Amino acid sequence: MRGLNIDLNTNWLHHLDKLAVASFVALLLWGYPTLALAASNLATIPVTTMTDEMVENGQCSLREAIQAANTDSAVGGCPAGNGDDRILLANGTYRLTVTGADEDDNATGDLDLHSNIAISGLGVESTIVDGNQLDRVFHVHAGAVVSIEHLTIANGQTPDGADGENVAGEDGAPGGGLLNAGEVSLRSVAIRDNRTGNGGTNNNFEADAWSTGGDGGGIYNGGTLNLSHVILRSNQTGKGGNGGFGPAGDGGDGGGIANIGTITIVDTWITANATGESGSEFTLRAMKGGNGGGIFNAGTVMIVGSTISENYTASGRSAPYPPGNVGGSGGLGGGIYNTGVFTATNSTISENYTADGATNVCGKCGAGTGGDGGGLYNVGTITLQHATVAYNVSGEGGASLFGQAKGGDGGGIYSDGITNIQSTLLAANIAGGDGPDCSATLTSFGFNLVEDSATCIFHGSDVGNILDQSAALLALADNGGATLTHRLIAGSPAV
């Protein structure tokens with residue numbers, strides 16, 4: 001099966017019933033990129049300069065090559081595109097320098113793709129498209145079919161939201177590395193060190209009006225997205241807007257990815273991404289850090305053979321002065337926040353964290369609660385097959401003169417939605433509040449191991465389930481698959 005990440009649970013594969021096998025095979029087939037760009041039919045546009053320019057000087061820049069593909073005409077030193085086009089990049093750093101954001105014609109700021117384009121580099125270490133913190137890197141518009149491979153997308157920075165004048169401020173712009181409204185396939189790509197903008201200051205007394213940080217530190221997807229052999233690392237969403245005269249905003253959601261569309265993820269590592277903290281305020285509304293340190297999903301996500309690790313949510317800010325009397329809470333879902341449909345097969349969710357609640361020094365101010373769902377927070381539908389959820393941590397409650405607030409529940413999983421599990425390990429998670437491994441109702445399809453089941457409610461099959469025994473996992477490491485995994489110690493009851 002393409003070297004998928006199965007070394008933890010290989011011995012359990014024979015326990016899958018026919019329905020599970022069918023869904024598993026369908027998931028594998030759907031997990032392959034569906035991009036309809038045949039390489040043999042593409043017109044080729046070679047980029048000849050790393051300078052970001054739109055000038056007639058005989059050289060072909062990346063921006064000019066995209067424009068030639070968008071318009072099917074010669075631009076600068078680039079030959080005319082012809083329908084579906086391939087842009088070739090050599091070794092080097094292609095740094096964006098043409099300043100100006102919030103336009104969609106590829107003239108300034110981010111690179112706007114409006115047509116069917118394949119962009120190919122020579123490797124993630126050698127070919128880098130650098131946003132230079134002047135805007136996001138790529139914006140794929142509706143109707144475009146785009147393939148990007150063998151390169152790094154780095155240092156995008158979307159604009160902050162404008163401050164409000166007697167109104168709420170604007171939200172920070174989404175999609176620090178990539179904003180997608182079309183159909184995009186990423187293969188052998190690194191997306192790192194991108195960030196979304198902060199929310200603008202809220203100068204509106206309305207209690208339900210505020211601005212948030214931009215969503216999707218690495219990627220914001222509103223279309224169709226396929227990831228294969230991708231690393232999303234060290235991306236972050238913006239802070240919530242400050243409350244000038246009104247309530248402050250929450251941090252942006254989805255440190256690695258924010259999704260309202262459809263995503264398939266294969267052999268991918270999502271690590272060290274974070275959400276933004278809330279703004280500060282002087283009103284009664286408690287703010288919180290953004291949700292979904294690794295992934296925020298309000299659409300459909302399918303993951304195969306992938307690892308989500310060491311992502312975290314940020315805390316809300318303190319409310320230092322009356323009438324603000326409640327500190328902000330930690331963001332929810334350190335690894336994953338799901339309000340849509342999420343399926344993970346042969347995948348690992350490990351060492352993710354939700355933030356502690358804010359501590360308050362104000363004598364009349366309470367502290368904030370810790371974030372729920374260190375590994376995974378679910379209010380939608382989640383299915384875990386041959387998955388490992390381990391070593392995740394939910395946040396502690398903040399402290400105030402009134403005492404310590406409640407810590408986050410569900411160190412591994414917190415769920416108020418539908419959570420299906422089969423041949424899955426929940427082990428060695430830690431909760432600041434209740435439920436180290438889970439605070440959830442779980443529908444079991446058998447052969448699961450839950451190390452601490454005290455706050456788990458089970459429905460469905462109990463065949464092969466092992467409860468309240470240590471899984472005896474080794475640390476996250478390279479065990480020969482596409483991503484890092486936890487190997488079992490000899491003698492583990494899971495074997």
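The table that follows gives values for the structure above.
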| quantity | calculated |
| --- | --- |
| Enumeration of residues in the range 453-470 that are part of a loop (DSSP other than H, G, I, E, B) and either modelled with pLDDT under 95 or open to solvent by 30 Å² or more (accessible area, probe 1.4 Å) (or both) | 454, 455, 462, 463, 464, 465, 468, 469, 470 |
| Subset of the range 125-142 (residues that are open to solvent by 30 Å² or more (accessible area, probe 1.4 Å) and under 15 Å from residue 173 (Cβ atoms)) | 133, 134 |
| Residue 351 being closer than 30 Å to residue 480 by Cβ, at pLDDT 90 or above, open to solvent by 30 Å² or more (accessible area, probe 1.4 Å) and within 13 Å of the chain's Cα centre (by Cα) | no |
| Tally, over the range 87-137, of residues that are touching a residue at least 40 places away in the same chain (Cβ under 8 Å), of a type in the set (Gly, Ala, Ser) and assigned to a strand (DSSP E or B) | 2 |
| Which numbered condition residue 115 misses (of (1) within 30 Å of residue 246 (Cα to Cα); (2) open to solvent by less than 50 Å² (accessible area, probe 1.4 Å)) | (1) |
| Residue within the range 239-252 that is out of contact with any helix residue (DSSP H, G or I) (no Cβ under 8 Å at 6 or more places or on another chain), within 18 Å of residue 174 (Cβ to Cβ), modelled with pLDDT of 95 or more and in a strand (DSSP E or B) present | no |
| Residues (crowded, with 23+ Cβ neighbours inside 10 Å and either closer than 14 Å to residue 184 by Cα or free of Cβ contacts under 8 Å to residues at least 12 places away in the same chain (or both)) located in the range 143-152 | 146, 147, 148 |
| Cβ pairs under 6 Å, 6+ apart, first in the range 376-394 and part of a loop (DSSP other than H, G, I, E, B), second among the β-branched types (Val, Ile, Thr) and surrounded by fewer than 24 Cβ atoms within 10 Å (Cβ to Cβ) | 379/339; 380/339 |
| Verdict on residue 175 being part of a loop (DSSP other than H, G, I, E, B), touching a Leu at 6+ places or on another chain (Cβ under 9 Å) and at positive phi | no |
| From 435, 371, residue being touching a Lys or Arg at 6+ places or on another chain (Cβ under 9 Å), outside any strand (DSSP E or B), farther than 26 Å from residue 266 by Cα and among the small types (Gly, Ala, Ser) | 371 |
| Qualifying residue in the range 399-406 (condition: at pLDDT below 95, crowded, with 24+ Cβ neighbours inside 10 Å and in contact with a strand residue (DSSP E or B) (Cβ under 9 Å, 6 or more places away or on another chain)) | yes |
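The values are calculated or read from the model by the stated rules, or taken from the named source; none is laboratory data. Computed from a predicted structure; not experimentally measured. Reconstructed Cβ throughout: ideal geometry from the backbone, glycine too, with neighbour counts over all protein chains shown. Heavy atoms of the whole protein, side chains included, go into the accessibility calculation; ligands, DNA and RNA do not. Shrake-Rupley method; radii C 1.70, N 1.55, O 1.52, S 1.80 Å.
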